[in-house]
Amino acid sequence: MTSTAATTRPASVQPASGVGIVCITGATAGFGAATARRFAADGWRIIATGRRQDRLDALAAELGDGNCLPLCFDVRDGDAVQAAFSQSNLPEAWRAVDVLVNNAGLALGLEPAHRCSLDDWTTMVDTNIKGLLHVTRALLPGMVERGRGHVVNLGSITGTYAYPGANVYGGTKAFVMQFSRGLRADLHGTGVRVTNIEPGLAESEFSMVRFGGDADRAAKLYEGASALHPQDIADAIAWAVSCPAHVNVSRIEVMPTSQSFGALPVHRA
Ligand code: NDP
Ligand code: 8X3
């Protein structure tokens, strides 16, 4: 006789928070825009952020009045982030953010470390690390106060695996992975969940940005690669958030089937 007791959830299991308010940084393109659309389709209300006001306005118009609050700021500017999320700036109906998707980020260049631009390195650190910290620090206290919430960080496979030219970009994503673990430790017992999403090659504006607007070079990278689509990442985020409240998905590493690990090269004299 087969027992179902061990394979079914007890009736006391709490569902995830259900639909509520999700704040997505970098919602003007790629993963962020796809995540905004996915969550909106699931009934969530969206706080969409980014630097391009025209794209935020277009997204808000698409998602419908009352479903999307566009906030235009640069995550690198700590004061702007604080101001955007201050109680006096946020309309009352938008103050209790349930889920933060820390997605805004970028890679710049693929040069080896001894030839890289120091300015590019600084921009990546300021955006991927400090920007993520600014937004997290602004929204986390409210989640802890309410005894529920979810921080979803966009890491990368480059936080785990090194490849030539990923130097500082990979370093920032390693920070994001370890910071996600640290958050989990600090938030012990608060009911606030933390997930680090670690995608591999995905087709978005990412490579256009990385290659300084060189569309041909960006297109070549994706040619024949069957790379991930932003929708794939949006679906992974939506799944992690929709798990019952007692389930914390700590990390999701997702690569296109076409991508795998490289050899560890040995240079011979
Ligand atoms: P896109 O370039 O398509 O989108 C990046 C988003 O980040 C844009 O909405 C952009 O908005 C926003 N952004 C960048 N800098 C800032 C800033 N200083 N202030 C506010 N917003 C900013 O890239 P993806 O969607 O592909 O990438 C999203 C995240 O996923 C990044 O953190 C990236 O590192 C990570 N990732 C991407 C992978 C890929 O292969 N595509 C793989 C693994 C991780 P705006 O320009 O309007 O400010
Ligand atoms: C970017 C992932 O594989 O393009 O975070 O370097 S990859």
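Structure notes:
- Near pairs, Cβ below 6 angstrom, 6+ apart or cross-chain, from the stretch 45-61 (free of Cβ contacts under 8 Å to residues at least 40 places away in the same chain and assigned to a helix (DSSP H, G or I)) to any residue that is small (Gly, Ala, Ser) and away from ligand 2 (no atom under 16 Å from the Cβ): 56/48; 56/50; 59/48
- Count of residues meeting criterion [open to solvent by 20 Å² or more (accessible area, probe 1.4 Å) and over 16 Å from residue 137 (Cβ atoms)] in the stretch 96-108: 5
- Of all residue pairs spaced 6 or more apart or on separate chains, those with beta-carbon atoms under 6 Å, a first member in the stretch 158-177 that is farther than 10 Å from residue 125 by Cα and a second member that is modelled with pLDDT of 95 or more and charged (D, E, K, R) are 158/173; 159/173.
- One residue stands out among those in the stretch 241-268 that are of a type in the set (A, V, I, L, M) and open to solvent by less than 70 Å² (accessible area, probe 1.4 Å): the one that is farthest from ligand 1 (Cβ to nearest atom), which is 245.
- If you check 65, 79 for being more than 16 Å from ligand 2 (Cβ to nearest atom) and in a loop (DSSP other than H, G, I, E, B), only one passes: 65.
- Residue in the stretch 129-144 that is outside any helix (DSSP H, G or I) and more than 16 Å from ligand 2 (Cβ to nearest atom) present: no
- Any hit, the stretch 217-227, residues being within 11 Å of ligand 1 (Cβ to nearest atom) and polar (S, T, N, Q): no
- The residue that is farthest from the chain's Cα centre (by Cα), among those in the stretch 181-217 that are among the hydrophobic types (A, V, I, L, M, F, W, C) and closer than 21 Å to residue 254 by Cβ, is 209.
- Residue match in the stretch 78-85 (condition: open to solvent by 30 Å² or more (accessible area, probe 1.4 Å) and among the polar types (S, T, N, Q)): yes
- Residue in the stretch 232-240 that is within 16 Å of ligand 1 (Cβ to nearest atom) and in contact with an Asp or Glu (Cβ under 9 Å, 6 or more places away or on another chain) present: yes
The values are calculated or read from the model by the stated rules, or taken from the named source; none is laboratory data. Just so we're clear, the structure is a prediction, and the values are computed from it rather than from any experiment. Neighbour counts are summed over all protein chains in view; Cβ atoms, including those assigned to glycine, are modelled from backbone coordinates with ideal geometry. Note: accessible area is taken over every heavy atom of the protein model, side chains too, but ligands, DNA and RNA are not part of it. Shrake-Rupley method; radii C 1.70, N 1.55, O 1.52, S 1.80 Å.
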